[in-house]
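What follows is a short report on a single structure.
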Amino acid sequence: MMKLVYGMLIGALAQALTFFQLQGQFKIKWMHDHPFLMSLLGVPISYLFLTSVKYMVSAYDGQLWPSRLIGYGIGVTVFIIMSKLWFDETLSLKTITCLLLSVSIILIQLFWK
């Protein structure tokens with residue numbers, strides 16, 4: 001169980017850092033002016049994703065799909081939260097529906113045996 005929790009937390013951190021790496025250019029001029037330096041953040045972020053997947057696959061006895069679907073759900077959830085907090089984007093009915101579907105995907109993977 002702890003492997004799964006670690007994997008999900010590391011994955012959420014990686015998703016949040018990816019959000020800043022990719023969307024930060026629209027908020028912070030320095031990030032916009034230095035795309036090559038921002039792309040170098042991909043190395044430590046990739047390591048976080050690798051570590052996240054390793055923990056989650058291990059938690060599911062080597063099965064790949066649960067980690068992929070949980071990672072997808074975490075990614076969508078983090079993106080929606082970060083875009084609301086950082087860019088004050090409104091949550092349309094379509095976005096709220098996608099958020100609910102993402103949370104549903106995570107819950108199915110966690111609790112459907």
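The values are calculated or read from the model by the stated rules, or taken from the named source; none is laboratory data. Bear in mind the structure is a predicted one, so any value in this text is a computation, not a measurement. Cβ atoms come from the backbone with ideal geometry, glycine included; neighbour counts cover every protein chain shown.
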Pull up segment 57-113, narrow it to residues that are of a type in the set (D, E, K, R) and in a helix (DSSP H, G or I), then point me to the one that is farthest from Lys27 (Cα to Cα). Arg68
Would you mind telling me which numbered condition in (1) of a type outside the set (S, T, N, Q); (2) buried (at least 17 other Cβ atoms within 10 Å of the Cβ); (3) closer than 27 Å to Leu110 by Cβ; (4) at pLDDT 95 or above Leu9 fails? (2)
For Val78, state whether it is modelled with pLDDT of 95 or more and within 24 Å of Phe111 (Cα to Cα). yes
Pairs with Cβ under 6 Å, 6+ apart, first in segment 47-71 and under 12 Å from Ala12 (Cα atoms) and at pLDDT below 95, second in a helix (DSSP H, G or I) and among the acidic types (Asp, Glu): none
For the subset of segment 65-113 comprising residues that are of a type in the set (Val, Ile, Thr) and touching a Ser or Thr at 6+ places or on another chain (Cβ under 7 Å), which member is farthest from Tyr6 (Cα to Cα)? Ile80
Name the pairs: first residue in segment 20-43 and closer than 15 Å to Met82 by Cβ and in contact (Cβ under 8 Å) with a residue 60 or more places away in the chain, second residue polar (S, T, N, Q) and surrounded by 13 or more Cβ atoms within 10 Å (Cβ to Cβ), Cβ to Cβ under 9 Å, at least 6 apart or on different chains? Gln23/Ser83
So if I check each of Ser92, Ser83, which one is hydroxyl-bearing (Ser, Thr, Tyr) and under 26 Å from Leu50 (Cβ atoms)? Ser83
